[in-house]
Amino acid sequence: DDELAGGATLEEVAQTLSLKFSTVGPFDRQGQNQAGTKDAALPTDSIFFDSAFSSEKGLDSGLLETPDGKYYVLRVDSVVPSALRPLTSVRSELVAQWRRAEQARTVKENADRLMEEAREVTTLVRRAKNLGYRVRRTEPLSRDGKVVETALTMEQLSTLFTLTPGDMTSGPTSSGKSYVIAALEEIKEANPAADPEGVSKIRITI
């Protein structure tokens, strides 16, 4: 602070006090450069980027502290106007996003078509097996999802508890890479006397 107050530049202060000095950028508010990657010399905390984008060009920021107790001073030498990244730098990313979107659309269409054509559970199981899809019969599921069934999301599990036996519902898995068609086979009435521990847990949750 004293060196800067005396008129020394950041470069001079770094040399006088044997401090690390780095020139980085340009980068956006997330720390990514025009190629979409992040310079390893940049801090990871958002405070740095907030300070950089609120600083006046050519002026030192003053001594700043990171959440983990490190100190730094930054200076914005130039400002690059906001612009879309060149197509060549984002082509592979765009292609990957397009491929994921197309895969998600395709599996959804396949699931919707299978549900529409099957109409009832027995036919659904038979057609799914013939098409090479994985078919499984779960153990009884509780509304809170404590019984592990990784293929179902909590949203789809909640939907199952609004259906009547024989009804079906479909939805994406948590990864979004595949779809699950769930058919409600039967409803088993809760028996509090048979599971006092479970009832106690529900009371605690409520």
Can you pull out the residues in the range 12-38 that are open to solvent by 80 Å² or more (accessible area, probe 1.4 Å) and either at pLDDT below 85 or within 29 Å of P81 (Cβ to Cβ) (or both)?
-> F21, T23, R29, Q30, Q34, K38
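Closer than 30 Å to D50 by Cβ and either in a loop (DSSP other than H, G, I, E, B) or not polar (S, T, N, Q) (or both), is that true of E109? Write out each step before concluding.
Working: closer than 30 Å to D50 by Cβ: no; either in a loop (DSSP other than H, G, I, E, B) or not polar (S, T, N, Q) (or both): yes.
So E109 fails the test.
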Filter the range 43-68 for residues that are part of a loop (DSSP other than H, G, I, E, B) and charged (D, E, K, R) and give the result.
-> D45, E56, K57, D68
When restricted to A41, A5, the only residue of a type in the set (A, V, I, L, M, F, W, C), at negative phi, loosely packed, with under 11 Cβ neighbours inside 10 Å and touching a Ser or Thr at 6+ places or on another chain (Cβ under 6 Å) is A41
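Condition check ((1) charged (D, E, K, R); (2) open to solvent by 60 Å² or more (accessible area, probe 1.4 Å)) across all residues:
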| position | (1), (2) |
| --- | --- |
| P86 | no, yes |
| R100 | yes, yes |
| A128 | no, no |
| R134 | yes, yes |
| R143 | yes, yes |
| L157 | no, no |
| L160 | no, no |
| T164 | no, yes |
Starting from residues that are open to solvent by 60 Å² or more (accessible area, probe 1.4 Å) and either assigned to a helix (DSSP H, G or I) or aromatic (F, W, Y) (or both), keep the ones in the range 113-126 and report whichever is nearest to A183 (Cα to Cα).
-> T122
Answer with yes or no whether A151 is in contact with a strand residue (DSSP E or B) (Cβ under 6 Å, 6 or more places away or on another chain), surrounded by 11 or more Cβ atoms within 10 Å (Cβ to Cβ) and at pLDDT below 80.
-> yes
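Determine which member of the set A40, A14 is part of a loop (DSSP other than H, G, I, E, B) and farther than 30 Å from Y179 by Cα. So that I can check it myself, show each step before the final result.
Values: A14 fails: part of a loop (DSSP other than H, G, I, E, B).
Residue meeting the stated conditions: A40.
The values are calculated or read from the model by the stated rules, or taken from the named source; none is laboratory data. Just so we're clear, the structure is a prediction, and the values are computed from it rather than from any experiment. Cβ: placed from backbone, ideal geometry, glycine included. Neighbour counts: every protein chain shown. Just so you know, the surface numbers come from the protein's heavy atoms only, side chains and all, with ligands and any DNA or RNA stripped out. Shrake-Rupley method; radii C 1.70, N 1.55, O 1.52, S 1.80 Å.
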